[in-house]
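Trainee: Right, I'll just put the structure down here and ask away after.
The values are calculated or read from the model by the stated rules, or taken from the named source; none is laboratory data. Keep in mind that this is a model prediction, so the values were computed, not measured. When we count neighbours, we look across all protein chains shown, and the Cβ atoms used for this are built from the backbone with ideal geometry, even at glycine.
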Amino acid sequence: MPERIAIYPGSFDPCTYGHLDLIQRAARMFTHVVVAVARNNEKSCMFTVEERMDLLSEITKGWPRVEIASFTGLPADYARQRGAVALVRGLRAISDFEFELTIAITNQKLNPEIDTVCLMPSESYLFLSSRLVKEIATLGGDISSFVPPQVVARLHEKMRLNES
Ligand code: ADP
């Protein structure tokens, strides 16, 4: 089978069960899925790029066809560099649609050879976002149904460090 590489770019600050659901779906469609942590907006993130990559690597260890990487610049350029045929993005409740459509069309102009494939998560994760998880954790809520145990532990550790 010829190789069909997909890039799944994002902040993953931190990764949630929604992201992981999408990675698994993409890995069923492509021969290789590169989960690519963007290095562009580090300052506004809770976790460093390395911390986010470590979490993703730990959680997806042993998953076939999945690679964790990071990139600087435009996803379309990174996709070209990696010889990818597609960019994977997620569509949750309707709020994502307009934003994702805009960046998909922009990426199409930047690199006409690459298509954006939007995937829908399982219904349970339709309203889940990294931002929501961070907000609930900061307010002391239970996030164990939204993120894997490794992320729960790392979030609690980060909050303790921020307090001291
Ligand atoms: P970005 O800063 O690029 O939006 P995110 O890590 O927030 O980075 O999201 C990366 C991609 O994953 C986006 O396309 C987003 O819509 C998708 N995504 C995030 N959470 C979910 C979820 N719960 N279900 C489906 N897609 C999701």
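Trainee: Find all pairs meeting these conditions: Cβ atoms under 9 angstrom apart; at least six residues apart or on different chains; first residue within region 153-164 and touching a residue at least 40 places away in the same chain (Cβ under 8 Å); second residue acidic (Asp, Glu).
Mentor: 154/51; 154/54; 158/51
Trainee: (1) closer than 17 Å to residue 15 by Cβ; (2) at pLDDT below 95: which one isn't true of residue 160, the others all being true?
Mentor: Residue 160 satisfies all of (1) closer than 17 Å to residue 15 by Cβ; (2) at pLDDT below 95 except (1).
Trainee: Being surrounded by fewer than 16 Cβ atoms within 10 Å (Cβ to Cβ), among the small types (Gly, Ala, Ser) and more than 18 Å from residue 56 (Cα to Cα) is the filter here; which residues of region 105-150 pass it?
Mentor: Result: 122, 124, 140, 141.
Trainee: Further question: So how many residues does region 128-141 have that are part of a loop (DSSP other than H, G, I, E, B) and modelled with pLDDT under 95?
Mentor: If we filter region 128-141 for residues that are part of a loop (DSSP other than H, G, I, E, B), which is where we start, we get 128-129, 139-141.
Still in the list and also modelled with pLDDT under 95: 139-140.
Of the residues in region 128-141, 2 are part of a loop (DSSP other than H, G, I, E, B) and modelled with pLDDT under 95.
Trainee: If we keep just the residues of region 117-139 that are under 15 Å from residue 152 (Cβ atoms) and among the hydroxyl-bearing types (Ser, Thr, Tyr), which is farthest from the ligand (Cβ to nearest atom)? First the steps, then the outcome.
Mentor: We begin by selecting, within region 117-139, every residue under 15 Å from residue 152 (Cβ atoms); these are 128, 130, 132-139.
Among the residues that remain, those that are also among the hydroxyl-bearing types (Ser, Thr, Tyr) are: 130, 138.
Details: 130: 5, 138: 17 Å.
Among them, the one singled out is 138.
Trainee: Given the conditions (1) in contact with a Leu (Cβ under 7 Å, 6 or more places away or on another chain); (2) away from the ligand (no atom under 15 Å from the Cβ), and given that residue 107 satisfies all but one, which numbered condition is not satisfied?
Mentor: For residue 107, the failing item is (2).
Trainee: May I pose another question? Considering only region 1-101, give the helices (runs of 4 or more DSSP H) lying wholly within it that have at least 2 residues that are within 12 Å of the ligand (Cβ to nearest atom) and surrounded by 16 or more Cβ atoms within 10 Å (Cβ to Cβ).
Mentor: In region 1-101, 17-29, 49-60 are the helices (runs of 4 or more DSSP H) which contain 2 or more residues that are within 12 Å of the ligand (Cβ to nearest atom) and surrounded by 16 or more Cβ atoms within 10 Å (Cβ to Cβ).
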